[in-house]
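Below: the structure, in structure tokens.
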Amino acid sequence: MAEPLFRVKDLHLSLADMSRKPLFGAAPRIEILKGLSFDLPAGEITGIVGESGSGKSTLGRVLVRLLGVTAGQVLFKGQDISHLTENQVKPLRRDLQMIFQDPMSSLNPRHTVGRIVETPIKRYGLDNPKKRALEALERVGLPAAFAQRYPHELSGGQRQRVGIARAIALNPAFILADEIVSGLDVSSQAQVLTLLQELAADMNLTIAFISHDLSVIRTVCSQVIVLNHGEIVEAGPCETVFDAPKSEITRTLIDAIPLPEMDEAWFDRVALDEV
């Protein structure tokens, strides 16, 4: 069996509660993540799901090292990255990319799409940034003409594709996708999710897909981790977890699915090349 891209061991994270900080002295700390241990298999899409406040987005930010940890280990390609300094993390940044929930707020409105995708390519000193950017846009279904447009000229689904293009242009090993379809209509959701699956397969990407919607998780993920109040209450292959949930929180999330399940036949009815 191949070594997992990420191996997380007994992860704890506490953050200061500034709302309760006394006039003198340190603020009390809140334990956000509580003893998490799991693997992220290389080349697979793993869902991280939970209700609001479960700690799923915080966990995602730990994986891409936007947050450190209080205790435990986060092994990336066998290297413990959980306690590295910012300077030590910098060489890993290209391999750890993120697609944000709200593309409009994460795309500079004063820059063209081409410049947005080119910027990180230039930052990491890769050759032919313009060519790489156009190739990335083409890969996500946006023709070269889109490079001259601005974010406000695009639909929500198109903006999210730009965010995906920016991430894959660096050819990373890992992508964190945090609620990336929650603001899209159902048709655009299907197109973006299908695109993500194709990119994961074609580029051998490892993806952590954060969502509160189990119908989306079941559609795109092979594995799922269910969080509740910072603890893992269930984890395993999607088919096993969905067909025979062991925890009450998993059953609650399944019962809360608002729409009929998006099966393969439903996805096939959506034209991916509609941009």
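Quick rundown of the values:
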read-out: Subset of region 231-259 that is without any contact (Cβ under 8 Å) to a residue 60 or more places away in the chain and among the small types (Gly, Ala, Ser) - its residue that is nearest to residue 48 (Cα to Cα); value: 236
read-out: Residue check, residue 114 assigned to a loop (DSSP other than H, G, I, E, B), over 19 Å from the mean Cα position of the chain (by Cα), farther than 28 Å from residue 57 by Cα and not charged (D, E, K, R); value: no
read-out: Residue in region 64-75 that is modelled with the lowest pLDDT, counting only those that are under 17 Å from residue 96 (Cβ atoms) and out of contact with any Leu (no Cβ under 6 Å at 6 or more places or on another chain); value: 68
read-out: Leading residue by the ranking (farthest from the chain's Cα centre (by Cα)) among those in region 68-99 that are in a loop (DSSP other than H, G, I, E, B) and within 30 Å of residue 202 (Cβ to Cβ); value: 78
read-out: Among (1) assigned to a strand (DSSP E or B); (2) surrounded by 14 or more Cβ atoms within 10 Å (Cβ to Cβ) - the single one residue 60 does not satisfy; value: (1)
read-out: Criterion (buried (at least 17 other Cβ atoms within 10 Å of the Cβ), touching an Asp or Glu at 6+ places or on another chain (Cβ under 7 Å) and within 16 Å of residue 172 (Cα to Cα)) met by exactly one of 76, 100; value: 100
read-out: Hits in region 143-163 (condition: surrounded by 12 or more Cβ atoms within 10 Å (Cβ to Cβ) and among the polar types (S, T, N, Q)); value: 155, 158, 160
read-out: Number of the condition not met by residue 65 [criteria: (1) closer than 22 Å to residue 226 by Cβ; (2) crowded, with 16+ Cβ neighbours inside 10 Å]; value: (1)
read-out: Filter result (among the aliphatic types (A, V, I, L, M), under 24 Å from residue 217 (Cβ atoms) and in contact with a helix residue (DSSP H, G or I) (Cβ under 6 Å, 6 or more places away or on another chain)) within region 163-179; value: 165, 168, 173, 175, 176
read-out: Residue selected from region 199-212 under the condition farther than 20 Å from residue 94 by Cβ and touching a Leu at 6+ places or on another chain (Cβ under 8 Å), by the criterion surrounded by the most Cβ atoms within 10 Å (Cβ to Cβ); value: 209
read-out: Verdict on residue 228 being out of contact with any Lys or Arg (no Cβ under 9 Å at 6 or more places or on another chain), touching a residue at least 12 places away in the same chain (Cβ under 8 Å), within 22 Å of residue 13 (Cα to Cα) and polar (S, T, N, Q); value: yes
read-out: Failed criterion for residue 37 (all others in (1) touching a residue at least 24 places away in the same chain (Cβ under 8 Å); (2) surrounded by fewer than 16 Cβ atoms within 10 Å (Cβ to Cβ); (3) touching a helix residue (DSSP H, G or I) at 6+ places or on another chain (Cβ under 6 Å); (4) not basic (Lys, Arg) hold); value: (3)
read-out: Tally of residues being assigned to a loop (DSSP other than H, G, I, E, B), of a type outside the set (Asp, Glu) and over 21 Å from the mean Cα position of the chain (by Cα) across region 1-57; value: 10
read-out: Cβ pairs under 8 Å, 6+ apart, first in region 107-124 and closer than 20 Å to residue 94 by Cα and free of Cβ contacts under 8 Å to residues at least 60 places away in the same chain, second in a loop (DSSP other than H, G, I, E, B) and among the charged types (D, E, K, R); value: 113/149
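Okay, residues lined up against (1) among the hydrophobic types (A, V, I, L, M, F, W, C); (2) at negative phi; (3) assigned to a loop (DSSP other than H, G, I, E, B); (4) more than 21 Å from the chain's Cα centre (by Cα):
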residue	(1), (2), (3), (4)
134	yes, yes, no, yes
147	yes, yes, no, yes
152	no, yes, no, yes
157	no, yes, no, no
162	yes, yes, no, no
166	no, yes, no, no
170	yes, yes, yes, no
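The values are calculated or read from the model by the stated rules, or taken from the named source; none is laboratory data. Everything numeric here is computed off the predicted structure, so don't read it as measured data. All Cβ positions, glycine included, derive from the backbone under ideal geometry; neighbour counts span all protein chains shown.
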